[in-house]
Every structure is written in structure tokens, then in C-alpha cells.
Amino acid sequence: MWVALAATCTAAVAVAGLTLWLGLDLLDVHGIKREKQITSSVLFDLVKLSFAVVAGLGGLVALVVAYRKQRTEENAALREDTKPHGDRFTAAVTQLGDTSPAVQLGGVHALAGLADDAPTRQLRQTCIDVLCAYLRLPYDPNPSDDPGEGQDPAGHARARHLPRDPRSPPHRYSHPRQSPAR
């Protein structure tokens with residue numbers, strides 16, 4: 001930031017000098033000659049113009065610095081807002097990897113709630129992407145007795161003891177107003 005500020009100040013001085021030189025050039029004064037002298041009021045006006053240009057560039061530098069400071073503060077506030085989101089996201093994804101269907105379902109609901117509360121569109125989309133990836137995971141509703149090719153035997157044994165569909169309860173629910181099936 002200091003390098004940019006120093007470069008801007010140097011540019012402001014150079015522009016002021018260029019403005020003074022162009023002003024003198026427009027008056028056809030390339031040096032102090034005895035034949036062509038400019039009056040002190042014209043020279044004073046040129047110096048005022050040069051200082052006005054430098055002041056304008058100084059104001060521009062102040063605006064740039066204020067803008068950069070504002071953006072830095074906004075980014076810091078956004079990081080503070082997203083910090084709890086990251087912790088909640090990690091906990092919800094951990095729940096999705098659990099072997100218990102109830103904990104997995106809790107992870108799905110946690111991710112859905114997290115997507116609703118996400119402070120940015122990118123974080124919301126990340127939650128949605130993880131939920132979609134979870135739903136696309138392969139699922140074998142009726143595992144055989146022996147593990148398949150390339151399948152972990154311990155994981156296969158755990159899968160055999162899970163309910164048939166971990167995304168739905170093992171029994172059917174009926175609405176209280178409906179009559180039981182006979």
C-alpha cells in the first residue's frame with residue numbers, strides 16, 4: 001500500500017510539473033529570456049493551477065485509500081460472519097459420514113438449514129453441492145453375503161446391519177385419519 005501511495009505522490013508531482021511546463025509552453029516561454037518575459041500575475045496563476053492539480057490528485061489518492069480501507073473492513077466482517085458457518089458446515093458434513101441413519105438425516109437437515117442461513121451465495125451453493133453429492137452416493141439396498149470386488153469387508157459388514165434404506169424409516173407411517181391397511 002505504501003508503494004502505491006508513494007507512486008501516486010510521485011505521479012502527482014510529475015503531473016504538476018507537466019502542467020506548469022505546458023502552461024509555459026502555451027505562452028511560448030521556453031526559458032527566461034529578456035525579450036519575452038511573462039508577468040508575475042501570469043506566473044502566479046500558473047503556479048496556482050499546478051497546485052490545484054496536485055491538490056486534486058491528492059484528493060484522488062485520499063479517495064482511493066479510503067475505498068481500499070472500506071473494502072478491507074468489509075472483507076474482515078465477511079470473514080467473521082462466515083467463520084461460524086465453516087464450523088457448522090464441518091459438523092454437518094461429519095454427520096453425513098456417520099453410520100447411523102438418524103445422524104445422517106440430522107446432517108442433511110443441518111446442511112439444509114445452513115444453506116438457508118448462508119451469508120453468501122457461494123457458501124449456499126457449497127451446501128447444495130454437498131447435499132447433491134450425498135444423494136448421488138451409491139447405495140446397495142440388499143447387500144450380498146460376500147463383499148464385492150474392491151469393497152472394504154468391514155464396510156460391507158456394517159452395511160449389512162443397516163436398515164434397507166437409510167434415507168427412509170424401516171417401517172411405514174400412516175396418517176392418523178386414515179384407516180389401517182387390512
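What follows is calculated from the coordinates using simple rules that are stated; it is not laboratory data. All of these numbers come straight from a predicted model, not from anything done at the bench. In this analysis, Cβ positions are derived from the backbone assuming ideal geometry, glycine residues included, and neighbour counts consider all displayed protein chains.
Quick one, what does Rg over Rh come out to for the stretch 79-143 if you take C-alpha atoms and the Kirkwood Rh?
Reported Rg/Rh (Cα atoms, Kirkwood Rh): 1.03.
Quickly work out the ASP116-to-THR99 label distance, labels modelled 7 Å from Cα along the C-beta direction, and quote it in nm with one decimal.
Placing both labels 7 Å beyond Cα along the Cβ direction yields 3.2 nm.
Would you mind getting me the FRET efficiency between LEU137 and ARG79? Use the beta-carbon distance for r and R0 = 45 Å, nearest 0.05.
0.90
How many nm is it between the label spots at ASP129 and LEU18, if each spot is 7 Å from the Cα in line with the beta carbon?
With each label point 7 Å from Cα toward Cβ, the separation is 4.5 nm.
With contacts defined as alpha carbon pairs under 8 Å and 6 or more residues apart, what's the relative contact order of the stretch 59-142 in percent?
20
First select every other residue whose beta carbon is under 15 angstrom from the beta carbon of LEU63; then total the charges, Lys and Arg +1, Asp and Glu -1.
+3
May I ask you to evaluate 6.51 cos²θ - 1.76 cosθ + 1.60, the Karplus curve with θ = phi - 60°, for each residue of the stretch 95-105 and list the ³J(HN,Hα) values in order in whole Hz, giving x for glycine and proline?
5, 5, x, 6, 7, 7, x, 5, 5, 4, 5
Where a ≥ b ≥ c are the square roots of the eigenvalues of the C-alpha gyration tensor, would you call the stretch 67-110 rounded, which needs a/c under 1.5, or, failing that, prolate if a/b is larger than b/c, or oblate?
Taking the square roots of the gyration eigenvalues as a ≥ b ≥ c, the stretch 67-110 is prolate.
Take the Cα radius of gyration of the stretch 43-95 and divide it by 2.2 N^0.38 Å, with N its residue count; two decimals is plenty.
For the stretch 43-95, the normalised Cα radius of gyration is 2.31.
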